[in-house]
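For reference, the structure discussed in these notes is given below.
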Ligand code: MLT
C-alpha cells in the first residue's frame with residue numbers, strides 16, 4: 001500500500017489547526033487568562049429566529065409517519081434551490097435551479113471540485129488567500145502558480161501576461177484582505193478564462209458583507225461568466241451556519257470543457273460521493289431567504305459591521321496601516337514595529353491575550369500582515385482594542 005506522496009509537500013498542519021493548538025497550549029498553562037478570539041472567522045451571534053422556527057418545524061416533520069423524510073434529492077431540495085435562485089436573480093445574476101447544488105458549506109465543495117478536473121494542471125491562486133485552495137491542490141499534485149496580491153495592486157491582482165492556466169481561484173470579498181473586485185476587474189478575469197479555456201472557481205462566501213451597490217456579489221453578474229465560472233458560496237458567515245453547515249455551488253449548464261458538461265460531471269460526482277445535507281438543515285437554510293429571514297440575518301450582519309467599524313477606527317487612532325473592514329468582516333493590518341506575522345501573533349496571545357491570524361498563513365505576501373475578525377461580541381471587540389491601544 002502506498003500513500004499519497006503529495007502530503008509530504010504540505011505544511012505540517014492546516015493554518016487554523018496550528019493556531020488552535022497554540023491557543024490550547026496557552027490555555028493549559030494560563031487557565032485564568034481571558035482570551036479574546038479574533039482568529040478563525042467563527043460567528044458569535046446565534047441563528048436568527050426565522051431559521052430556528054423552521055428548524056423546529058422540520059424536526060416535527062421528521063417525527064410524523066406522513067411527513068418524515070429519508071434520503072433527499074442529491075442536488076438538494078427544490079424549495080431551497082428555488083430560494084437560492086431567486087436571491088441570485090434579484091441581485092442581477094441569472095441562474096437556474098438546475099444549476100444549484102446544495103452542500104454542507106463552501107470548504108468541502110472547494111476541495112472536492114478537484115476530483116472532476118484532471119491532475120497535473122496549472123492552477124492560479126491569489127497570494128494571500130484562504131489556505132484551502134493551496135492545500136487541496138498540493139494534495140492533488142497540481143502545479144500551482146500565484147497571482148501576487150500586494151499593497152501596490154490593492155490586493156486585487158489582475159490577469160497578466162500570457163500564462164496558460166487551467167483553473168483560476170478568485171475570492172471576492174477576499175479572505176483575508178477584504179479586497180473586493182469591481183465589475184470591470186472581474187470582467188477582465190472572465191474574458192481571460194474564456195480565452196484560455198480555463199475555469200474560474202469563484203468563492204463568494206463573504207458576498208453578504210458587500211454594502212456598495214455597484215460591487216458584484218456574484219461572478220454571474222458578469223457577462224461571459226456562464227461559460228467559464230463555478231461559484232461556491234456558504235451560509236456560514238451570512239447566516240451563522242458555521243456549526244449548522246449549509247452552502248451551495250452553482251455550475252451553469254453552458255460550462256463545458258473537453259466536450260463535457262461540467263454540471264453533469266458534478267452531478268455524477270455528488271450522486272456517487274454525497275448523500276446531501278439533511279432535510280432539517282435545508283429547511284432552516286430556506287428560512288434565511290424569506291423576507292423575515294433576510295431582515296433578521298441583516299441585523300446580525302450589521303452587528304458584525306459595527307465591530308469592523310470599531311476595529312477600523314482603533315487602527316486609525318493607532319496609526320496602524322490596514323485594509324478591509326468595509327464590505328468585509330476582516331481587517332487586514334500591517335504588524336506594528338515591522339514585526340513578522342507569527343511574532344505579532346505570539347505577542348498578542350501571550351501579552352494581550354488576543355487571538356488573531358498571522359498573515360503569512362495565507363501566503364508569502366501575507367508576511368508582516370495580520371488578520372482580525374469582526375465576528376466577536378461588541379464587548380470583546382471593544383476590550384481587545386483597549387488592550388491593543390494600551391500596548392501601542
Ligand atoms: C477563516 O477564518 O478564514 C474561515 O472561517 C475558515 C473557514 O471558513 O474554513
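The values are calculated or read from the model by the stated rules, or taken from the named source; none is laboratory data. Here the structure is a predicted model, which means the values were calculated and not measured. Counting neighbours? That spans all protein chains shown, and the Cβs are built from the backbone with ideal geometry, glycine included.
A few comments on the model shown:
- Lone qualifier among 137, 82, 175 - being modelled with pLDDT of 95 or more, over 27 Å from residue 304 (Cβ atoms) and crowded, with 20+ Cβ neighbours inside 10 Å: 137
- Summed over the range 361-383, residues that are away from the ligand (no atom under 14 Å from the Cβ) and part of a helix (DSSP H, G or I) total 8.
- Cβ-Cβ under 9 Å pairs, at least 6 apart or on other chains, the range 76-90 side in a helix (DSSP H, G or I), far side modelled with pLDDT under 95: 88/94
- Screening the range 228-313 for helices (runs of 4 or more DSSP H) wholly inside it with 3 or more residues that are within 16 Å of the ligand (Cβ to nearest atom) returns the ranges 236-239.
- Meeting the requirement of 2 or more residues that are more than 24 Å from residue 247 (Cα to Cα), away from the ligand (no atom under 16 Å from the Cβ) and in contact with a strand residue (DSSP E or B) (Cβ under 6 Å, 6 or more places away or on another chain), the strands (runs of 3 or more DSSP E) wholly within the range 124-204 are 143-148.
- Of all residues in the range 347-360 being out of contact with any helix residue (DSSP H, G or I) (no Cβ under 6 Å at 6 or more places or on another chain) and assigned to a helix (DSSP H, G or I), the one that is farthest from residue 314 (Cα to Cα): 350
- Options 76, 64, 41; residue that is away from the ligand (no atom under 16 Å from the Cβ) and more than 14 Å from residue 249 (Cα to Cα): 64
- Residues satisfying the stated conditions in the range 200-216, i.e. touching a helix residue (DSSP H, G or I) at 6+ places or on another chain (Cβ under 7 Å) and either farther than 21 Å from residue 309 by Cα or free of Cβ contacts under 8 Å to residues at least 24 places away in the same chain (or both): 200, 201, 202, 203, 216
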